[in-house]
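The structure appears right after this line, and notes come after that.
The values are calculated or read from the model by the stated rules, or taken from the named source; none is laboratory data. If you're wondering where the values come from, they're calculated on a predicted model, not measured in any experiment. All Cβ positions, glycine included, derive from the backbone under ideal geometry; neighbour counts span all protein chains shown. These area figures cover heavy atoms from the full protein model, side chains too; ligands, DNA and RNA do not enter into them. Shrake-Rupley method; radii C 1.70, N 1.55, O 1.52, S 1.80 Å.
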Amino acid sequence: MNHETVRAVDPAVADALDGELQRQRDTLAMIASENHVSPAVLEAQGSVLTNKYAEGYPGKRYYAGCEYADEIEQLAIERATELWGAEHVNVQPHSGTQANMGVYLAMLDPGDKILSLDLSHGGHLSHGHPANFTGQLYDVKQYEVDPETGYLDYEGLREMAEEFDPDIVVSGYSAYPREVEWERVQAAADAADAYHLADIAHITGLVAAGVHESPVGVADFVTGSTHKTIRAGRGGIIMTSEEHADDVDSAVFPGGQGGPLMHNIAGKAVGFKEALEPEFDEYAEQVVDNAKALGETLEDHGLELVSGGTDTHLVLVDLRPSHPDTTGGEAEDALEEVGLVLNANTVPGETRSPFNPSGIRAGTPGLTTRGMGEAEMERVGDVIARVVDAPDDGDVKAEASDEVDALTDEFPLYE
Ligand code: DSN
């Protein structure tokens with residue numbers, strides 16, 4: 001894998017691409033929303049389909065020359081249908097946020113009411129944050145996790161739904177370490193006669209593999225991104241019933257987007273094919289086993305996990321009880337220095353700024369793709385705990401850096 005063709009035209013970009021490839025090889029990618037797609041997905045995404053305009057849908061395009069675009073989009077749709085079992089799939093959203101936008105545009109009018117989880121409790125910007133179009137166009141009320149347990153409070157959600165009378169209840173989260181009980185969110189939506197949007201962006205792969213229960217067939221709309229745990233081409237996806245199919249398709253195009261990114265849709269099709277192989281189910285199970293092993297190691301070192309553990313691909317550490325003077329940002333920076341890349345994250349009951357919050361979020365999809373298992377998670381957990389204990393200690397960081405080098409050498413990437 002090299003960038004020699006780019007280099008001949010643009011050495012500056014080639015240098016940066018080489019640098020990024022080496023960075024991914026030499027570091028442990030533990031941002032929970034990231035993964036390493038296969039060379040086949042990379043090739044499909046970097047293909048001549050980037051040249052093609054294909055507004056519309058397979059068989060109903062506004063431009064000529066779409067026979068191969070049609071074939072590829074149809075394959076992506078069929079494979080997604082097999083993976084998640086929805087009646088209708090739209091693979092055109094450019095991202096998970098665009099997928100959510102498609103649902104809101106399809107079903108809501110400006111001023112309509114959204115009930116969603118607060119961002120600092122694990123929600124997402126596109127679920128109604130004031131800085132996002134959702135917070136600006138809609139009337140948003142937010143629920144929180146139980147402050148004692150860190151788990152969703154389904155009864156409280158139901159009561160809020162009865163009181164607020166939302167048009168849509170949003171479930172599915174970006175930093176919630178527990179499996180979601182979709183039927184109980186549905187009960188809250190039913191109590192308000194509201195739609196239910198389940199945003200499974202982070203757990204698309206876990207749901208496809210049957211490691212987590214699926215909201216398909218429960219929620220009216222299921223959205224996701226396609227490059228996280230499912231490990232396909234970058235972008236978004238919407239799944240719904242035949243009843244809402246036309247509304248969703250029109251909301252995505254021409255409502256919210258123009259030409260679909262056909263090269264990304266090719267990457268989605270290839271990644272979905274890979275995810276239909278039995279090995280993918282083993283991968284998804286290992287992702288969760290690894291997150292549990294990582295969490296246990298961190299707890300053994302005295303770190304506190306939100307909700308006391310995980311059922312997912314991520315752990316969320318609240319640094320305040322164990323390290324009251326260390327912020328998430330300081331931990332993130334010190335860990336990046338040793339080659340372990342995760343992100344500072346807000347935690348439930350956050351007392352600091354979102355720019356330098358009190359937690360760190362660590363995910364296992366990328367490391368599991370590299371072939372690491374529970375034994376390696378113990379080593380990774382040791383690195384995190386030691387660096388968080390002594391973020392300014394050069395000797396500790398030198399040792400941690402050696403351990404990261406050993407791990408990345410033992411589990412090479414993109415050879
Ligand atoms: N930025 C992603 C995350 O890290 O959770 C979600 O869009």
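A few notes on this one:
- The count of lysine pairs in the chain that are at least 8 places apart or cross chains, and whose C-alpha atoms lie under 23 Å apart, stands at 8.
- Distant alpha-carbon pairs in the stretch 33-191 (separation over 26 angstrom), percent: 42
- Normalising the average separation of contacting C-alpha pairs (under 8 angstrom, six or more residues apart) by the number of residues puts the relative contact order of the chain at 22 percent.
- Kirkwood-Stokes translational diffusion coefficient of the stretch 225-341, alpha-carbon pairs, 37 °C, 0.692 mPa s, µm²/s: 185
- Gaussian network model of the chain, Cα within-10 Å springs - most flexible of 364, 134, 50: 50
- Kirkwood-Stokes translational diffusion coefficient of the chain, alpha-carbon pairs, 4 °C, 1.567 mPa s, µm²/s: 59
- The stretch 127-247, relative contact order in percent, only Cα pairs under 8 angstrom and at least six apart counted: 17
- Only one residue of 166, 206, 194 has its Cα farthest out toward the positive end of the dipole of the stretch 128-218, where Lys and Arg carry +1 and Asp and Glu -1 on Cβ, and that residue is 206.
- Rolling a 1.4 Å probe over the heavy atoms of the protein chains gives the stretch 45-88 an accessible area of 60 Å² per residue.
- Among beta bridges that DSSP assigns inside the stretch 292-363, antiparallel share in %, nearest 5: 100
- Split the accessible area of the stretch 288-405 by element, probe 1.4 Å, and carbon with sulfur accounts for 42%.
- Share of carbon and sulfur in the accessible heavy-atom surface of the stretch 175-282 [1.4 Å probe, %]: 42
- Cα-Cα P(r), the stretch 310-415, percent of pairs per 5 Å interval: 2, 13, 23, 23, 19, 12, 6, 1, 0
- Net charge in the neighbourhood of residue 286 (other residues with Cβ under 13 Å of its Cβ; Lys, Arg +1, Asp, Glu -1) is -4.
- Shape descriptor for the stretch 127-188: Rg over Rh equals 0.95 (Cα atoms; Rh from the Kirkwood inverse mean 1/r).
- Summarising the strand pairing of the chain, around 55 percent of its internal DSSP beta bridges are antiparallel.
- Paired Rg and Dmax values of the stretch 50-98, which use every Cα atom, in angstrom: 11.5, 31
- Packing around the peptides 56-66, 116-126, taken as the average count of other Cβ atoms within 10 Å per residue, puts them in this order, highest first: 116-126, 56-66.
- The residues packed around residue 18, meaning those with a beta-carbon under 13 Å from its beta-carbon, carry a net charge of -2 if Lys and Arg are +1 and Asp and Glu are -1.
- Ranked by the mean number of other Cβ atoms within 10 Å per residue, highest first, peptides 371-378, 23-30, 406-413 order as 23-30, 371-378, 406-413.
- Environment charge of residue 408, counting only residues whose C-beta is closer than 9 Å and scoring Lys/Arg +1, Asp/Glu -1: -2
- Relative counts (whole %) of C-alpha pair distances in the stretch 1-108, using bins that are 5 Å wide: 2, 9, 12, 18, 18, 15, 14, 9, 4, 1
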